[in-house]
Structures are given as structure tokens and as C-alpha cells.
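Scroll down for the structure; my scribbles are underneath it.
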Number of protein chains: 2
Amino acid sequence: MADRKHRGRTGRSGGGRAAKQAERSAPVTKGVPYITRKVPVYEVLDEEGLSLIENNAETILQEIGVEFRGDAEALQMWKTAGADIDGERVRIPKGLCKKLIQDSAPAEFTQHARNPERNVRIGGKNMVLVPAYGSPFVRDLEKGRRYATLEDFQNFVKLAYSTPYLHHSGGTICEPVDLPVNKRHFDMVYTHMRYSDKPFMGSVTAPERAQDTVDMAKVLFGEEFVQNNTVITSLINANSPLVWDATMIGALKVYALNNQACVVSPFCIAGAMSPVTVAATAAQLYAEALAGMAFAQLVRPGAPVIFGTFSSSMSMQSGAPTFGTPEPQLVLYIVAALARRLGVPFRSGGGLNSGKIADAQAAYEAANTLQHAMLAGVNFMLHTAGWLEGGLSMGYEKFIMDIDQAGMIHEFLNGVDLSENGQALDAIREVGPGKHFLGCDHTRANFETAFFRSSVADNNSFEQWEADGGLDTAQRANKIWKKMLNDYEMPPIDPAVDEALLAFIRQRKESFPDANY
Amino acid sequence: MADRKHRGRTGRSGGGRAAKQAERSAPVTKGVPYITRKVPVYEVLDEEGLSLIENNAETILQEIGVEFRGDAEALQMWKTAGADIDGERVRIPKGLCKKLIQDSAPAEFTQHARNPERNVRIGGKNMVLVPAYGSPFVRDLEKGRRYATLEDFQNFVKLAYSTPYLHHSGGTICEPVDLPVNKRHFDMVYTHMRYSDKPFMGSVTAPERAQDTVDMAKVLFGEEFVQNNTVITSLINANSPLVWDATMIGALKVYALNNQACVVSPFCIAGAMSPVTVAATAAQLYAEALAGMAFAQLVRPGAPVIFGTFSSSMSMQSGAPTFGTPEPQLVLYIVAALARRLGVPFRSGGGLNSGKIADAQAAYEAANTLQHAMLAGVNFMLHTAGWLEGGLSMGYEKFIMDIDQAGMIHEFLNGVDLSENGQALDAIREVGPGKHFLGCDHTRANFETAFFRSSVADNNSFEQWEADGGLDTAQRANKIWKKMLNDYEMPPIDPAVDEALLAFIRQRKESFPDANY
């Protein structure tokens, strides 16, 4: 079991100033593998309000139904389970989804990493922070916006590995568009496995790519281990409103059959893909997720699922998605409460924004989502770091700013120290009115652990800041990611396992008609 | 009574598209005079934790005491009330402050504006948003950072008047350093009175300046009205740790005697002015505020007070204050809960940050404070808009960004509409799986009121943003404040009252030895 204490807090055992300084600058291994919250969650609706939303979701499932498209087997499974099938429309009796999920889906589960110290516990009071996902573009200050490549993908895996504030390597952090679509999943999954030892996500763009992910995991972890443990968490998106398509159903089936976890996640721009109101959006999201999670239980009872939502509002002028606004925050709090009532882990949040660059808009919007996700009790936070442009672009500088925020989330969720040291009455007695606490015993004793230290904020005077070049936040972040990449050291791996992975990939790639790779 | 509905929400009665568009672009009069929250507050500590902090504060007051410096009358008043006086040290028996406050201080009160539609209710479920306060410098994109002038002060009063998202004109928005220190309060108070009709704050830099503020209010509102109503709220800062100085005590006495409100507010950089821990900082802030608020009740039982805190953390490297960090957020939640338990209005929060410019750091930090202040249940939020550089600079562009955030706070606190229209089940029935909601009846019916609309965010595509000049948030905000100043129209005032105010100021200024003004 890894050290569960956040390293910015008390609880370390001495070792002197030099040891403490070494620890402060020590590599990622000193981080916590995940956060366990010590403060309550926030909720916006009471029991009556939440019941209303739940009932509306059940009404949607029974009266309107959900379409499972292009998968006759899925329709047959639903029919056997007791749903009414009309073409591809699946109308599900009230309560059936809830029963299927509550009968078998785990309330929380462990996703194993190849380094056991990095195993994450998903669900309950735990929070796992995960990089952003899915951008075709990347952006940095020097090269601007451009299509992502495998090198960018590798860079972000390295950066996520190098920070103690992300617990997970993520999945499609950005799309390596320099690689052919039908083979790039091998390189992405291999990058997560080789460049990091944190847990990772699998490919979902086709059932056979999901199977490749599982097969690679078997090479990495051993076949028996994968049969008995969850080592992959993957993102399965609904097509809101109320559609699960063949690709996503197919990938979900592969993962669920193999006892691997799925984030069953409506992706919804309210106003376009759901009604323009918070209560309706929450009910629809819940209905979609219920159908997807229940289907996973039909595939394999007990398959780990995460109730996911991605909800943004919409600009009524342009139809563009908008982020960091109040309505998605309200949806987030409602849906988080529904997940707790259902008894499954919850995914939402992230540093969402529609900023084109890592400026004030991007930051306000990202903070507005991150802070509420923190208080809502999100268990698995995809898109924690890097997201720009509504997810179209992965920003190097934005990534650095967001992991700084992730560090603050660690501190906040660690709650209030009410020990005698935390109360510090003796320090107030010692100092007394009108004096300062800078040199008092208590301050010196707690110097190393007092207050979150931002890596990117400039707290100097205006004059000092100007003398230092008057850099903006993005310019400071630029230096940080370059240093992190420069300092990156690849985690060790058994050379035989590495060779086996590469051999697997080689053989699979060669089996494709177009054998270029 | 003004329309209490937020204009971005439902509840308006028809009038057609043109009328609705006119309303959307209508001047400030369409805003709400203040927010009344419809969602719960968030708390980090339970009953046991809060009691511990309260007991520690009482211990501090009784054992260590608070200094009331340079005011023999104040010491005598405390002695009469039952405190132990040792020099300027006032040791207050446990429970005495609480009793004095709970026996007489109002749980909430109305601050009247010269336009009664802008009266604000301070306390309870209400939230009043107020501009930033106290900067010697201002900053805008063209002229950079410079000392503030009366013109800047007037500009910010105009801007605060022009937005529906600030309910109050504030106080020393910035220091007009082009005016002599001993007379500038006349011009500041007059600016609030003449350029705005929202409620305002008074001068606190000397007791006689507080008296001038009260006397000007009597000219504006009439003497009898001021005797019977609160028309001024002023900021009285403690010198943490545990000192109330003669200037602040003197100003407080003037306001309390005149039944005018004081924000009794420790200003604390934790680590320097309180211990480095959250629990100790909260206890000390509470002790300081208890002493100040109880003293106001000694001056005049029933004098309206607001329990204020300004709490930042400190960079342990440089000693500089830091903002938007987790520790002050935790302090904020604790102290807000203590204020509710005590039964007085609470002030904290704001768009605090130590950014030198309105970039990502400033925005992350501001959002991190604004969102938590919103959830904590702050009643009076000084520093809502404009703050930069730890309060040293008032930013024109930052002001625009922050009032956008203030608008979002309105929406969030309006909560979730659970009406049939909010549930929108018929819309989901009408659209069905796989379609979109853009043109459905429900969307069209709610088009005007759906979703918060940011004035400063760019939600367009990257290509459109680039075609529009690729402006960053500050550049967009720059255009907005200029347009707002250009469109500003001074609210009407009775010319006789205006002349009386100017005559009062002229006469008072001429009474000074250095009669230049």
C-alpha cells in the first residue's frame, strides 16, 4: 500500500531539513495514488427534488425508451431481460435498470496499475484525477495550434506521469494523427504502458481495438491477473439524446465481458442534445446512463461501471457549447447525488472551457468546473488537465496550470486539521496582539507543510515580477512543462514484458491489409 | 419594491420578441437589487468542529485578550461591560461578546439606496455583490499600471452602476491620489451619491471623515431618514493579530452611534498575522470579529454589524499573500458557518488574486474565491470585481471579467427550476432518440431565458475567433468597459439636493487650513 498521505500535509516522520527539501523536490513516487476526501459533498437538491429527477428518468426509459443501434445481440439481451423492443427502440420497465445495476455493479473498485503503488480506488470517498481526453489538436506557446502527433501523445503521458497531482495516465489524451486510424490505438496503449506506470484507459473506437487493449493488458499484467482484476477503464459515450451506437456498445461488450471498467457516459450539450433546462438535462442523462450501465450488467453481472456525465450548456446565439457556466454546474451536483443514491462511482468535471488560448476565459471556466466537481464528489475526473477549445485542443501550458489546480484539490479535500497542532492556541498565546507569526515556534515547526505552494502562480511584488520579465501565466507554464519533459525518467519495466508487448503489436499490425506502420 | 426576479430567468409576462430583446439590452434597472439564494450553503465542519473553533475563540478573548489602542473611552466602555483591562489589553469573559451581539445586533438589515429600488437586504439568504476596494493603482490594457485618479474612481462607479450584476457602488474603489488625503473622501462619497443610485460605503480613515460621510448622507436622504435607517455600510478592519486601532475604533463609533452599518472585519494574511493553520486562523478571526462587533453594541445597542473576514494564505518562500488557494477557502467556509451560528450577516470572498495582469493566474484565483464565497453563503461580497495584485491594483479589464462571473453567481444561486417547464418531459417525448432539441417547442419557448450568456467569453470556433482578430479575454473586456463608459447615463437627482451636497462639500473643504481643492 502506498503512502496515502498527501505530501503537502503533516504526518511525515522527521528526517531533518535536507531530507525534507529532498522530499519536496522528489519525483512523483511521493504523491498519493488517489485522493480520499475528508470533507462533505455539496448537494443542490433535496430528497424530493432528487426523487423527481429519478422518476422522470424512469418515465423516459419506459415511455420513450433508448435506442441500441446496429447490435441485434444487444436487443435480444434486452428482450430477455424484460424490455419492450420496437425496432432498435428499447423501452425498459421502471426500476429494471436500477435493479440490474444495484444487484451486481460494484459501488467501488480498484483499477490496478502495473506499479501496485499506483493502484487507484474508484468510487466512495475517493477521487482519481485523469488528464484530458480526445483532442485532435495540441497547442503550445511557440508552435501554436497544430494537429497532434504521437510525440505529443508521448509528451503528455510523460507530463501526467511526472506530476503527483494526476493519478491516472488517461486514454486518448490527444489523437496522434500522424499514425493510421486503424493502428494508432496500439501506439497509444503502448505509450501508457511503457512511458508511465499509472493506470490507463483503453481504446473504444472499435470492438477489435478494445480487444487489442485487453490483449495487451494480458501481456503486461498476465492473463490470470486480468481475468480477476480491473486493469483498464474506458470511456463509452452515449449519443444524446437516448442513443447507444454499435461502436460504443461493441467496445463496452468487450470490456465488460473481460471484467474491465467502463465509464458509461452521456456526452451532452444541453439545448442541442437535451432540453434547455437543468432538471430535464439531469433526468435525460440519468436515463441514458442507467440504460448503458444496466446493459453492462446484462453482458456480465458485476462488470465495473462508472456513471459518467459530460454536460455543457449551449450558446443560444451560435449553438456552440459553453463551459464553466452555472447550468452545467447545477446538473453536475444533481447527477453526482443520483450516482451516490444508485451506488456507483461517478465521473464528471475537468478543466473544461472554450478558451482558444490559456488565458483568463480558459482559466475562469476551468476553475468553475474543477471546484464544483471537487465539491460534488466526482470519483473519476477525466479532463482534469490540458483541455482547451471545448476539447478540440490539448494545451501544454494549460496542462501545467490545471495540474496546479489539481494540487489545490488535494489540499482542500484533505480538510481541516483539528489536532492540537492545527488549533495552535499556544502560538496565538506566544505571539499575542500586534506581533507577527513569521518566526514563532509553531510556524517554524510547520514551515515545510504550511499552505499549498503553486508552481505557476507569481506572488511576488509588481516590481519583482516586472524585473523578472513581466511574464504572464502561460509564459511561466511554458518553462515548467519543458523542464518536466527534460527531467522525465521512464519508469522501469521488465525487458521481457516490453519485448512481448512490442512483438504483439508488430504481429497485430502486420495482420492488417495495409501493413505500413 | 423592485422586481426581485433575475432577468435571466423565467417569470416574465410575454410582450413578444421585440419587447424581450429590448429588455435584454435594457439598462441596469432590470437587474435584481440583490440575490436571494435558493440553494443550500456548503459547510466543511460539523457541529463538533465548529464548537471547538468557537470555544478556542472565547479562550483567546478571555486569556489573551484584544488590544483597543489609543481610545481611553473604549477601554472604559469595556470595563463597564465587565471586561478585564490591563493597559490597552482587554480580556473579555467567555460568552460576553456573544451575548452582547445576540442581544441586540440585527440578524439582517436593509441598507437603503437613494433609489429605493436599489435597497439591499444584508444577511440571511441574501447576497449583495460589491466592487473591489482600496487599490492605490489602476490598470488597463492601453495605459498599463498607474496611480489612480478621481477620474478612475468615477469610471469604476459608472461601471458598477451600469452592470446589473453588482448591487452596490462600493467604497474606496480606488484611491484618487490626485486629491489631498484629508479631502478626497468628500469627492469619493459625492461620486457614489451622484454618479450612481446604488447603496454605498463611507470613509473610515478618520472619525471626522466618517462624520462627514454621515452628514452628507443626511443631506442626501434627510436627517430623520438617516436617524431611522441604515444608508451607509463601512469597512472597519482589525489589525490582526488581536488589535483594534484608534482610527478604526473612531470610525466605527461614529457609524454605530448613527445607526449606520459596519463591516467588522479582520484582515489577515495567515502565517504572518495568524498561525499557519486553518483552525487557528478561523478561531483568531472569530475572536477579533467578536470583540469588534460586541464593541459596536456597546456604542449603540442594535447597531447593524456585518461579521467580515478577509483571509489569505502566505507564500512561505517570500511572505507574500497568496489567493485562490485551498486554505483560505476552508477558513471561509468555517467562518461563514460561525456567522450563521452567531446570527449576523457575513462578509468575505471576492475576485481575489495576486495576478499582476488579468491573465490565467488572476482568473483561476478569482474564480476559486468567488465560487466558494457563493457556496459558503457570503451576504456582503466586497471585492467582487476588479481586484488585481493582492488589492494593489484595480483592473478595468478584470472588472469586466469579474462582473461576468457575478452574473453566473446570480444564475447558480437561483437554483434548479423543478416546474413542469423545467422538467420538460414533453420536450424529450417530442424530440425522441437521436434527434436534436434546437427547434423544438420547448427550446423556442425558453429561448430568451435559457442559459447564462457571458458578455466576455468567446465560444466561437477557433477559425471564427482567429478571423475576429484572435483577441484574448483582456482585449475583449477592453472593448466592453469602453462601451459601458460611453453608454453610461447619470441617474437623475433632485438639483436642490445636488446643490446642497456641493455646498456642504465646499464649506467643509474651505474649513481646512490648506483650502486648495
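The values are calculated or read from the model by the stated rules, or taken from the named source; none is laboratory data. As the structure is a computational prediction, the values presented were derived from the model and not from experiment. Positions of Cβ are generated from backbone atoms using ideal geometry, with glycine treated the same way; all protein chains shown enter the neighbour counts.
Scanning the range B:482-498 for residues that are within 19 Å of B:HIS192 (Cα to Cα) and surrounded by 12 or more Cβ atoms within 10 Å (Cβ to Cβ) yields B:MET484, B:LEU485, B:TYR488, B:PRO491, B:ILE493, B:VAL497, B:ASP498.
This table checks each residue for (1) in contact with a His (Cβ under 7 Å, 6 or more places away or on another chain); (2) within 7 Å of chain A (Cβ to nearest Cβ); (3) surrounded by fewer than 24 Cβ atoms within 10 Å (Cβ to Cβ).
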| site | (1), (2), (3) |
| --- | --- |
| B:ILE269 | no, no, yes |
| B:GLN284 | no, yes, no |
| B:LEU290 | no, no, no |
| B:PHE310 | no, no, no |
| B:MET314 | no, yes, no |
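I'd like the full set of residues that are assigned to a loop (DSSP other than H, G, I, E, B) and under 18 Å from the mean Cα position of the chain (by Cα), limited to the range A:179-199.
Let us first name the residues in the range A:179-199 that are assigned to a loop (DSSP other than H, G, I, E, B), namely A:179-183, A:196-199.
Of everything in the range A:179-199, those that are assigned to a loop (DSSP other than H, G, I, E, B) and under 18 Å from the mean Cα position of the chain (by Cα) turn out to be A:SER196, A:ASP197, A:LYS198, A:PRO199.
The residue of the range A:133-159 that is nearest to B:SER461 (Cα to Cα), among those that are of a type outside the set (Phe, Trp, Tyr) and touching a Lys or Arg at 6+ places or on another chain (Cβ under 7 Å), is A:ARG145. Residue count for the range A:231-254 under the criterion of being in contact with a Gly (Cβ under 6 Å, 6 or more places away or on another chain) and part of a helix (DSSP H, G or I): the result is 1.
Going residue by residue through the range A:251-265, is there one that turns out to be at negative phi, aromatic (Phe, Trp, Tyr) and buried (at least 24 other Cβ atoms within 10 Å of the Cβ)? The answer is yes; a qualifying residue exists. Consider A:ILE493 carefully, then state whether it is part of a loop (DSSP other than H, G, I, E, B) and in contact with a helix residue (DSSP H, G or I) (Cβ under 9 Å, 6 or more places away or on another chain). Answer is yes for this residue. If you filter the range A:392-412 down to residues that are among the small types (Gly, Ala, Ser) and in a helix (DSSP H, G or I), you find that the one that is farthest from the other protein chains (Cβ to nearest Cβ) is A:ALA406. Scanning the range A:413-426 for residues that are more than 8 Å from chain B (Cβ to nearest Cβ) and either in contact with a Phe, Trp or Tyr (Cβ under 7 Å, 6 or more places away or on another chain) or more than 16 Å from B:VAL44 (Cα to Cα) (or both) yields a total of 2. Of all residues in the range B:415-465, those satisfying the criterion of being free of Cβ contacts under 8 Å to residues at least 24 places away in the same chain and basic (Lys, Arg) are B:ARG429, B:LYS435, B:ARG444.
On inspection, A:THR384 fails the criterion of being of a type outside the set (D, E, K, R), closer than 28 Å to A:GLY31 by Cβ and at pLDDT below 95.
With the condition kept exactly as written, say whether any residue in the range A:378-385 is at the interface with chain B (Cβ under 10 Å from one of its Cβ atoms) and in contact with a strand residue (DSSP E or B) (Cβ under 6 Å, 6 or more places away or on another chain).
Going through the range A:378-385, the residues at the interface with chain B (Cβ under 10 Å from one of its Cβ atoms) turn out to be none.
Checking the range A:378-385: not a single residue is at the interface with chain B (Cβ under 10 Å from one of its Cβ atoms) and in contact with a strand residue (DSSP E or B) (Cβ under 6 Å, 6 or more places away or on another chain).
Whether any residue in the range B:137-154 is modelled with pLDDT of 95 or more and under 27 Å from B:PHE307 (Cβ atoms) is what I want to check.
Filtering the range B:137-154 down to residues modelled with pLDDT of 95 or more leaves B:137-154.
Subsequent filtering for residues that are under 27 Å from B:PHE307 (Cβ atoms) retains none.
No; the residues of the range B:137-154 include none that is modelled with pLDDT of 95 or more and under 27 Å from B:PHE307 (Cβ atoms).
Of everything listed in (1) outside any loop (DSSP other than H, G, I, E, B); (2) at pLDDT below 95; (3) more than 30 Å from A:PRO492 (Cβ to Cβ), the single unmet condition for A:GLU23 is (3). Suppose the filter is surrounded by 21 or more Cβ atoms within 10 Å (Cβ to Cβ), touching a Leu at 6+ places or on another chain (Cβ under 6 Å) and assigned to a helix (DSSP H, G or I); does A:ALA74 pass it? Against the criterion (surrounded by 21 or more Cβ atoms within 10 Å (Cβ to Cβ), touching a Leu at 6+ places or on another chain (Cβ under 6 Å) and assigned to a helix (DSSP H, G or I)), A:ALA74 does not qualify.
Modelled with pLDDT of 95 or more, surrounded by fewer than 24 Cβ atoms within 10 Å (Cβ to Cβ), polar (S, T, N, Q) and in a helix (DSSP H, G or I), is that true of B:GLN297? Yes.
Can you tell me which residue in the range B:413-464 is nearest to B:ARG37 (Cα to Cα), limited to those that are assigned to a loop (DSSP other than H, G, I, E, B) and touching a His at 6+ places or on another chain (Cβ under 7 Å)?
Of all residues in the range B:413-464, those assigned to a loop (DSSP other than H, G, I, E, B) come to B:414-419, B:424, B:432-440, B:446-461.
Those still in the list that are touching a His at 6+ places or on another chain (Cβ under 7 Å) too: B:414, B:424.
Values: B:ASN414: 6, B:ALA424: 23 Å.
Restricting to residues being assigned to a loop (DSSP other than H, G, I, E, B) and touching a His at 6+ places or on another chain (Cβ under 7 Å), the top hit is B:ASN414.
Looking only at residues of the range A:81-100 that are in contact (Cβ under 8 Å) with a residue 60 or more places away in the chain and away from every other protein chain (no Cβ under 11 Å), we find that the one that is farthest from the chain's Cα centre (by Cα) is A:ALA81.
Checking each residue in the range A:299-317 for being within 17 Å of A:ARG121 (Cβ to Cβ) and of a type in the set (A, V, I, L, M, F, W, C) picks out A:VAL305, A:ILE306, A:PHE307.
Scanning the range B:427-484 for residues that are more than 8 Å from chain A (Cβ to nearest Cβ) and touching a Cys at 6+ places or on another chain (Cβ under 9 Å) yields a total of 1.
Residue by residue through the range B:316-353, note down the ones that are polar (S, T, N, Q) and either away from every other protein chain (no Cβ under 12 Å) or assigned to a helix (DSSP H, G or I) (or both). Talk me through it step by step, then tell me what you get.
If we filter the range B:316-353 for residues that are polar (S, T, N, Q), which is where we start, we get B:317-318, B:322, B:325, B:329, B:348, B:353.
Selection gives B:GLN329, B:SER348.
Each row is one residue, and each column tells you yes or no for (1) over 18 Å from the mean Cα position of the chain (by Cα); (2) buried (at least 24 other Cβ atoms within 10 Å of the Cβ); (3) farther than 16 Å from B:HIS192 by Cβ; (4) of a type in the set (Gly, Ala, Ser).
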position	(1), (2), (3), (4)
B:MET127	no, yes, yes, no
B:VAL130	no, yes, no, no
B:GLY134	no, no, no, yes
B:ARG139	yes, yes, yes, no
B:GLU142	yes, no, yes, no
B:TYR147	yes, no, yes, no
B:GLU151	yes, no, no, no
B:VAL157	no, yes, no, no
B:HIS167	no, yes, no, no
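Within the range A:465-481, the set of residues being crowded, with 16+ Cβ neighbours inside 10 Å and either among the aromatic types (Phe, Trp, Tyr) or assigned to a helix (DSSP H, G or I) (or both) comprises A:TRP465, A:THR473, A:ALA474, A:ARG476, A:ALA477, A:ASN478, A:ILE480, A:TRP481.
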